Amino acid sequence: MSTSTSHRPTDQERAERRARDREYAQQAVERLRSSNGWQQWLRTRAAFHSYSLGNQLLIAMQHSTATQVAGFRAWLKLGYCVRKGEKGIRIWAPCPPTSKQLETWRQNGSKADERPRTFFKLTAVFAQDQVQELPPPAVPAPIECPIRELGGDDLGPALPRLIELGAEIGSTVSFATIAGGARGFYELDTKRIVIEQAMSANQQVATLVHELAHAQLRADHQEGDPVLDYASEELVVESVAFTCVRSLGIAADANSIPYLAVWAERADLKVIERTAGLIDRLARRIETALHATVAQEQLAV
């Protein structure tokens, strides 16, 4: 009786696979060169703000309508099955060392520089519109995202935490009547943020997120951040505001985001990628404050 053994990839095959994976990831970044590609990444980021930037870009490139993803077995646990013929979305998944690998490492002296490492590989997941409900007795979990109106006031409890965030980055936040129709502004010299007091609470949150992004650019500058002129700073700030607000269920309009086609065409791909990384970093800090407050309010209900 013949026995089969699993094929172990050679060093050359591993190198070729890594090269293909790098090219695949680069294709996702390349899509940021177009207005549609940039806006689609922001929509995807709003739904997957806890995912890495690389996985956000991969999901946006492969399945633009995704708002939730999970593996085949994970969907079964949620009460859904992947429809026949659906193509998986490839994203990076961590592969931590096995118990056997860790035990062998401990038996060999537990040297820090020899500890088995977590590596990442591309794996398949499926989006919410690629699955269907399982029949009874399965009880499918709800997968619809909450919808909020920009003119509503349900995000009012998030304002105090955003004001605290402003103080943490060295800015003051106040509410007043602003002449000229502006919804808010950030003064570079005084680090003062002023928000129009007559707006709804949800509009105040959206405007304050925009102005906090301006303030964070000065307070949280890091080595390697792209150099921004006025127009590209507006692109960054509007992108942060859009993805943060949309992550809360407010259907912000991506068409309002200024997109600099000339900048994208001329900029080095690394600059574009660093700009996306900057947006992701700024948005994460604001989202941490926003979602923690919303979660507390939901628990209190």
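The values are calculated or read from the model by the stated rules, or taken from the named source; none is laboratory data. A quick note: this is a predicted structure, and the numbers were derived from the prediction, not measured. No Cβ is skipped: glycine too gets one built from the backbone with ideal geometry, and neighbour counts run over all protein chains shown.
Somewhere in segment 188-195, is a residue under 23 Å from Tyr230 (Cβ atoms) and either hydroxyl-bearing (Ser, Thr, Tyr) or under 21 Å from the mean Cα position of the chain (by Cα) (or both)? Full working, then the answer.
Our first condition is that a residue be under 23 Å from Tyr230 (Cβ atoms); within segment 188-195, this holds for 188-195.
Remaining after also requiring either hydroxyl-bearing (Ser, Thr, Tyr) or under 21 Å from the mean Cα position of the chain (by Cα) (or both): 190.
Taking every residue of segment 188-195 in turn, at least one turns out to be under 23 Å from Tyr230 (Cβ atoms) and either hydroxyl-bearing (Ser, Thr, Tyr) or under 21 Å from the mean Cα position of the chain (by Cα) (or both).
Going through segment 74-89 one residue at a time, which ones are more than 17 Å from Ala47 (Cα to Cα) and under 24 Å from the mean Cα position of the chain (by Cα)?
Looking only at segment 74-89, we keep the residues that are more than 17 Å from Ala47 (Cα to Cα), and these are 74-88.
Passing the criteria: Ala74, Trp75, Leu78, Lys87, Gly88.
Applying the criterion of being surrounded by 10 or more Cβ atoms within 10 Å (Cβ to Cβ) and among the β-branched types (Val, Ile, Thr) to the residues of segment 69-121, the residue that is nearest to Ile143 (Cα to Cα) is Val69.
List the residue pairs whose Cβ atoms are under 6 Å apart, where the first residue sits in segment 165-189 and is closer than 16 Å to Gln203 by Cβ, the second is assigned to a loop (DSSP other than H, G, I, E, B) and at pLDDT 95 or above, and the two are 6 or more positions apart or on different chains. What qualifies is Phe175/Gln197; Ala176/Gln197.
In segment 92-110 there is at least one residue matching the filter, namely being modelled with pLDDT of 90 or more and in a strand (DSSP E or B). State all residues of segment 185-204 that are part of a strand (DSSP E or B) and in contact with an Asp or Glu (Cβ under 6 Å, 6 or more places away or on another chain); if no residue qualifies, say none. Tyr186, Ile193 - these are the residues of segment 185-204 that are part of a strand (DSSP E or B) and in contact with an Asp or Glu (Cβ under 6 Å, 6 or more places away or on another chain). Just one of the listed residues (Thr123, Thr118, Thr207) is touching a strand residue (DSSP E or B) at 6+ places or on another chain (Cβ under 8 Å), among the hydroxyl-bearing types (Ser, Thr, Tyr) and closer than 25 Å to Ala283 by Cβ, and it is Thr207. Annotation note: of Ala46, Ala25, Ala124, Ala66, the sole residue that is under 29 Å from Ala267 (Cα atoms), outside any helix (DSSP H, G or I) and in contact (Cβ under 8 Å) with a residue 24 or more places away in the chain is Ala66.
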